[in-house]
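Here's the structure we're looking at; comments come further down.
The values are calculated or read from the model by the stated rules, or taken from the named source; none is laboratory data. What you see is a predicted model, and the numbers here were worked out from it, not measured in a lab. Don't worry about glycine lacking a Cβ; one is built from the backbone with ideal geometry, like all the others, and counts go over all protein chains shown.
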Amino acid sequence: MKTDHLIDMLSTNIEPVKDSGRLKIAFGVALIVGGAASFCVMLATVGLRTAAGGGFHPSFLVLKLLFMLVLIVGGTALLARLIRPGQDAHRLYRAIFLPVLVLGVAGVIALAREPTWAACKRMVLGTEWATCAFCIPLFAIIPFVALIWALRQGAPTNLTRTGAIAGLVAGALGAAAYAFHCPDDSLPFIAIWYGAMVMFCAWIGARLGPWLLRW
Amino acid sequence: MDVPSSEPELRALMTAGLVGDAIAYKMLLERLSSQLRAYFKGQLNRLNRGPVEAEDLVQEVLIAIHTRRHTYDRSQLFTPWVYAIARYKFVDYLRRTKQSIEDLPIEETEEINVRDDGAPVESSLDLERLMTSLPLRMRQAIQAVKLDGLSVREASEQCGMSESNVKVSVHRGLKALALQIRKKGRNDED
């Protein structure tokens, strides 16, 4: 095929393009649908926190949700750049992992102030660490699929990095849903289990990115 | 990266193309195709690979630019956007044609280089054959709107589809064509 022929074909009857509206809508849909689905999966499996699990503690729930909200907002802002070729996002990429680090340090400080080993162990393992470790990636599956769908409408050129951030945002959505069940209220618990599981989701996303996002 | 002197002009053409100026858009693609040809020839030459492959890449990138043009942010520079796509497609191309790098004997490529006099070459892509792999409606829509140059309304009457269906079919059809081209590298090895 001659290139001139292709150019003729591509430039014949072109449609005007609205300024990036399509991408914003796709992201909005992915976040809302993914988040809602994640919450429903939580309700259907482990359910809301019961009175037996310690009842409702707004302060820790707010802390967990705030932590995840920072990751979701930061990650989405980064994704919006990653799907546009040629936009530099190196600095932001590292900054997005900062909240996890901050929480980790806060967790260590909280542990250091505990007098006994047994108290530390109770703080770290809580009552349902295994449920937490299992549920966050599980709740992240639907948001991840939704985000991949949205990202495929863009043009990501660094697929590993884009996949990692998609995994991070999906993990954060999953963790936010799990927070409504989570009966464990301690900083070290949030730092270790929430932080680690969100990072695990980011790692999975980085591995899957090159397969799922290729175009 | 260094911004070439062609940036303001290319950006103006792109901006005009995005609001539907077909003449500006055609000029843009012509200008880009010669820049991209020089870029890919230079890159491929170092790997002892010929001008036909460069032309394949030029065409693949032109289609990518077209089908992903909504990802260009009008407030940003245009050249980095184009080259990020070109680099991405180049790396992707090398990855999927890895086999043929090792298979290519050096003597043969020298011969190709000697014969490369800069004249326009045809790519190895066969549009008609690629078109046959598309679903019927997409093929009809592309044939009518993009090859025969009918308006969307005329095409919708001819194909018996609604106007918005024609637009969607053209858009999806071009994306499907891009996918076929990408897969071609793998099929050739079979």
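Consider only pairs whose beta carbons are under 8 Å apart and that are at least six residues apart or on different chains; among these, list those whose first residue lies in segment B:36-48 and is farther than 10 Å from B:V58 by Cβ and whose second residue is assigned to a helix (DSSP H, G or I) and of a type in the set (V, I, T).
As it stands, the answer is B:L47/B:I101; B:N48/B:I106; B:N48/B:T109, since those pairs meet every condition given.
Give segment B:22-69 a look and list any residue that's more than 8 Å from chain A (Cβ to nearest Cβ) and outside any helix (DSSP H, G or I), or say none.
The answer is B:L47, B:N48, B:R49, B:G50.
Could you count how many residues in segment A:34-61 are at pLDDT below 90 and part of a helix (DSSP H, G or I)? Can you show your working first?
Start the filter on segment A:34-61 by keeping residues that are at pLDDT below 90, which leaves A:46-61.
When the remaining residues are screened for being part of a helix (DSSP H, G or I), the result is A:58-61.
The number of residues fulfilling the criteria is 4.
Of the residues in segment B:151-176, how many are part of a loop (DSSP other than H, G, I, E, B) and in contact with a Ser or Thr (Cβ under 9 Å, 6 or more places away or on another chain)?
Taking segment B:151-176 and keeping what is part of a loop (DSSP other than H, G, I, E, B), we get B:151, B:160-162.
Of the ones still in play, those that are also in contact with a Ser or Thr (Cβ under 9 Å, 6 or more places away or on another chain) are B:161-162.
Count: 2.
Could you go through segment B:142-150 and let me know if any residue there is over 19 Å from A:K2 (Cα atoms), out of contact with any Phe, Trp or Tyr (no Cβ under 6 Å at 6 or more places or on another chain) and more than 10 Å from chain A (Cβ to nearest Cβ).
Within segment B:142-150, not a single residue is over 19 Å from A:K2 (Cα atoms), out of contact with any Phe, Trp or Tyr (no Cβ under 6 Å at 6 or more places or on another chain) and more than 10 Å from chain A (Cβ to nearest Cβ).
Just a yes or no: is a residue in segment A:26-33 within 25 Å of B:H66 (Cα to Cα) and either within 11 Å of chain B (Cβ to nearest Cβ) or modelled with pLDDT under 85 (or both)?
So far as segment A:26-33 goes, yes, one or more of its residues are within 25 Å of B:H66 (Cα to Cα) and either within 11 Å of chain B (Cβ to nearest Cβ) or modelled with pLDDT under 85 (or both).
Could you check how many residues of segment A:107-129 are among the hydrophobic types (A, V, I, L, M, F, W, C) and surrounded by 15 or more Cβ atoms within 10 Å (Cβ to Cβ)? Steps first, please.
Step one: list which residues in segment A:107-129 are among the hydrophobic types (A, V, I, L, M, F, W, C), which gives A:108-112, A:117-120, A:123-125, A:129.
Next, from what is left, pick out any that are surrounded by 15 or more Cβ atoms within 10 Å (Cβ to Cβ): A:110-111, A:120, A:123-125.
Counting residues in segment A:107-129 that are among the hydrophobic types (A, V, I, L, M, F, W, C) and surrounded by 15 or more Cβ atoms within 10 Å (Cβ to Cβ) gives 6.
If A:R161 satisfies every condition in (1) surrounded by fewer than 24 Cβ atoms within 10 Å (Cβ to Cβ); (2) more than 14 Å from chain B (Cβ to nearest Cβ); (3) more than 18 Å from A:V29 (Cα to Cα) but one, which is the exception?
Every listed condition holds for A:R161 apart from (2).
Going by the conditions given, is A:K2 within 14 Å of chain B (Cβ to nearest Cβ) and either within 25 Å of A:P156 (Cα to Cα) or touching a residue at least 12 places away in the same chain (Cβ under 8 Å) (or both)? Please lay out each step first, then the result.
Working: within 14 Å of chain B (Cβ to nearest Cβ): yes; either within 25 Å of A:P156 (Cα to Cα) or touching a residue at least 12 places away in the same chain (Cβ under 8 Å) (or both): no.
In short, no.
Could you tell me which residue of segment A:13-25 is nearest to the other protein chains (Cβ to nearest Cβ), considering only residues that are surrounded by fewer than 17 Cβ atoms within 10 Å (Cβ to Cβ) and under 20 Å from B:R153 (Cβ atoms)? Break it down stepwise before answering.
At the first step, the residues of segment A:13-25 found to be surrounded by fewer than 17 Cβ atoms within 10 Å (Cβ to Cβ) are A:15-16, A:18-19, A:21-22, A:24-25.
Okay, now just the ones that are also under 20 Å from B:R153 (Cβ atoms), so A:15-16.
Values: A:E15: 6, A:P16: 4 Å.
Restricting to residues being surrounded by fewer than 17 Cβ atoms within 10 Å (Cβ to Cβ) and under 20 Å from B:R153 (Cβ atoms), the top hit is A:P16.
Restricting to segment B:63-96, count the residues that are surrounded by fewer than 21 Cβ atoms within 10 Å (Cβ to Cβ), among the small types (G, A, S) and under 21 Å from B:A176 (Cα atoms).
Of the residues in that region, 0 qualify.
Can you pull out every residue in segment A:1-33 that is assigned to a helix (DSSP H, G or I), closer than 21 Å to B:I181 by Cβ and of a type outside the set (A, V, I, L, M)?
Here is the first cut: in segment A:1-33, the residues assigned to a helix (DSSP H, G or I) are A:3-11, A:21-33.
Imposing the further condition that a residue be closer than 21 Å to B:I181 by Cβ reduces the set to A:3-11.
Selection gives A:T3, A:D4, A:H5, A:D8, A:S11.
What are the residues in segment A:86-121 that are within 18 Å of the chain's Cα centre (by Cα) and small (G, A, S), if any? Working first, answer last.
To start, the set of residues in segment A:86-121 that are within 18 Å of the chain's Cα centre (by Cα) comprises A:89, A:92-104.
The answer is A:A89, A:A95, A:G104.
Restricting attention to segment A:94-103, which residues are surrounded by 17 or more Cβ atoms within 10 Å (Cβ to Cβ) and assigned to a helix (DSSP H, G or I)?
Listed by number, the residues that qualify are A:P99, A:V100, A:L103.
Quick one: would you say A:R84 is charged (D, E, K, R) and surrounded by 20 or more Cβ atoms within 10 Å (Cβ to Cβ)? Give the derivation first.
Working: charged (D, E, K, R): yes; surrounded by 20 or more Cβ atoms within 10 Å (Cβ to Cβ): yes.
For A:R84, the condition - charged (D, E, K, R) and surrounded by 20 or more Cβ atoms within 10 Å (Cβ to Cβ) - is met.
Which residues, taken from segment B:1-21, are assigned to a helix (DSSP H, G or I) and aliphatic (A, V, I, L, M)?
Scanning segment B:1-21 gives B:L10, B:A12, B:L13, B:M14, B:A16, B:L18.
Take the conditions within 17 Å of the chain's Cα centre (by Cα), touching a residue at least 60 places away in the same chain (Cβ under 8 Å) and within 14 Å of another protein chain (Cβ to nearest Cβ) and apply them to A:I83. Does it pass?
Values: within 17 Å of the chain's Cα centre (by Cα): yes; touching a residue at least 60 places away in the same chain (Cβ under 8 Å): yes; within 14 Å of another protein chain (Cβ to nearest Cβ): yes.
Taking the combined requirement at face value, the residue satisfies it.
Collect the residues in segment B:120-137 that are surrounded by 12 or more Cβ atoms within 10 Å (Cβ to Cβ) and either under 18 Å from the mean Cα position of the chain (by Cα) or outside the structural domain of B:L177 (by TED's automatic domain parsing) (or both), keeping them in residue-number order.
Listed by number, the residues that qualify are B:P120, B:V121, B:E122, B:S123, B:S124, B:L125, B:D126, B:L127, B:L130, B:M131, B:S133, B:L134.
State which residue pairs qualify: first residue within 7 Å of chain A (Cβ to nearest Cβ) and within 22 Å of A:P210 (Cβ to Cβ) and inside segment B:70-96, second residue part of a helix (DSSP H, G or I) and among the hydrophobic types (A, V, I, L, M, F, W, C) in any location, beta carbons under 8 Å apart, and separation of 6 or more residues or different chains.
So the pair list comes out as B:T71/A:L23; B:T71/B:W81; B:I85/B:V61; B:I85/B:A64; B:I85/B:I65.
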